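Undergrad: My structure is below; once you've seen it, I'll send some questions.
The values are calculated or read from the model by the stated rules, or taken from the named source; none is laboratory data. What you see is a predicted model, and the numbers here were worked out from it, not measured in a lab. Cβ placement follows ideal geometry from the backbone for every residue including glycine, while neighbour counts extend to all protein chains displayed. Just the protein is used for accessible areas: all its heavy atoms, side chains included, with ligands, DNA and RNA removed. Shrake-Rupley method; radii C 1.70, N 1.55, O 1.52, S 1.80 Å.
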Amino acid sequence: MRIVLGSGASHMAEEIKNKVEKFDKLLIESEVKTFPDGEKYVRVLGDGKEVLVVQSMFRPQNEHLVELLLLGDALREKGFKHLKAVVPYLAYSRQDRVTKEGEPISVRAIMKAISLYYDELYVFDLHNPKTLEYFPGKALNVSPAKAIVNYFKDKLGEGLVLAPDRGALERAKTVANILGLEFSYFEKKRISPTEIQMRPVEVDVEEKNVLIVDDIISTGGTMIKAANILKGMGASKVFVVATHGVFAEGAIERVSKAVDELAVTNSIPTPVSKISLVEDILSL
Ligand code: R5P
């Protein structure tokens, strides 16, 4: 199997290059440029039949999407027959329903566009896994739980794992089960994009280390509120982790101040992207 890296994977390139052989894959060189008018240029320099294209869709999201499509077209042109897209962070995944008449289901539009060239789609911790149904080919929501556990396993002791809301419970449960720890969740109500209400959890956190697991950190409001409640309940150390660090301006600093450690995966490159998804990606 060949691998092509788009510019949305350049922050993982070094690690992928070092590990690619171990996973029995061969990296194909690609060239990505931006023309003076802002349009993209791509070129793939290799041949084969089956290929995995790694392209995360963080900012500039639209450019990363166009690049993924151009790479798909280039690979088909070169005669590749089976294309797999690995998109660790899929942009637009949060717009998964029409809330006001006239809106699109953005995640559906993005998946349909990708399916024009790609037979398979792999996404990490998709906001709403049900939306994978919009991709006409094989589509999989990959869990980052193993990578998260490897990073935190020696820091938690006899602690527990919490989800910041009921919707995030499955994720926290998966992490807790691998670690053999207790798990629970907060009752969270969103009042506005920047205001949330959270009730204390009904488990004993006193003098325990707690890991809060979520899919996305944006403003950091959810994690800060949860951490403050836990500290107030006598928790020892509060660690927070999310798959995608979408971080609004100043969020890293605000969350870091409120908790003992903040970590996210490298689905998006940030100063706290301490957890690598590379081995999971190379296993696909
Ligand atoms: C909500 O559905 C998501 O799972 C996250 O909890 C949310 O995006 C976090 O946002 P913020 O960091 O702004 O509280």
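Undergrad: Are there any pairs, at least 6 apart or on different chains, whose C-beta atoms fall under 7 Å, with the first in the stretch 233-262 and touching a residue at least 24 places away in the same chain (Cβ under 8 Å) and away from the ligand (no atom under 12 Å from the Cβ) and the second open to solvent by less than 20 Å² (accessible area, probe 1.4 Å) and in a loop (DSSP other than H, G, I, E, B), and if so, which?
TA: Pairs that qualify, where the first residue is touching a residue at least 24 places away in the same chain (Cβ under 8 Å) and away from the ligand (no atom under 12 Å from the Cβ) and the partner is open to solvent by less than 20 Å² (accessible area, probe 1.4 Å) and in a loop (DSSP other than H, G, I, E, B), are Met233/Val205; Gly234/Val205; Ala235/Val205; Val238/Val259; Phe239/Val259.
Undergrad: Filter the stretch 230-253 for residues that are over 14 Å from Val272 (Cα atoms), of a type in the set (Gly, Ala, Ser) and assigned to a loop (DSSP other than H, G, I, E, B) and give the result.
TA: Residues satisfying the conditions are Gly234, Ala235, Ser236.
Undergrad: Determine which member of the set Glu101, Glu120 is crowded, with 17+ Cβ neighbours inside 10 Å and farther than 26 Å from Val240 by Cβ.
TA: Numbers: Glu101 fails: crowded, with 17+ Cβ neighbours inside 10 Å.
It is Glu120.
Undergrad: In the stretch 215-229, which residue that is open to solvent by 10 Å² or more (accessible area, probe 1.4 Å), touching a strand residue (DSSP E or B) at 6+ places or on another chain (Cβ under 7 Å) and of a type outside the set (D, E, K, R) is farthest from Ile275 (Cα to Cα)?
TA: Ile229
Undergrad: Quickly run through the stretch 194-214 and pick out the residues that are open to solvent by less than 30 Å² (accessible area, probe 1.4 Å), modelled with pLDDT under 95 and either outside the structural domain of Ala258 (by the TED database) or within 15 Å of the ligand (Cβ to nearest atom) (or both).
TA: Within the stretch 194-214, Ile196, Met198 qualify.
Undergrad: Glu158: of a type in the set (Asp, Glu), open to solvent by 10 Å² or more (accessible area, probe 1.4 Å) and free of Cβ contacts under 8 Å to residues at least 24 places away in the same chain, yes or no?
TA: Numbers: of a type in the set (Asp, Glu): yes; open to solvent by 10 Å² or more (accessible area, probe 1.4 Å): yes; free of Cβ contacts under 8 Å to residues at least 24 places away in the same chain: no.
In short, no.
Undergrad: Find the residue count for the stretch 1-46, including only residues that are assigned to a loop (DSSP other than H, G, I, E, B) and open to solvent by 50 Å² or more (accessible area, probe 1.4 Å).
TA: Initially, the stretch 1-46 is screened for residues assigned to a loop (DSSP other than H, G, I, E, B), giving 1, 6, 20, 24-25, 35-39, 46.
Within this subset, residues satisfying the condition of being open to solvent by 50 Å² or more (accessible area, probe 1.4 Å) are 1, 24, 35-37, 39.
So the count comes out to 6.
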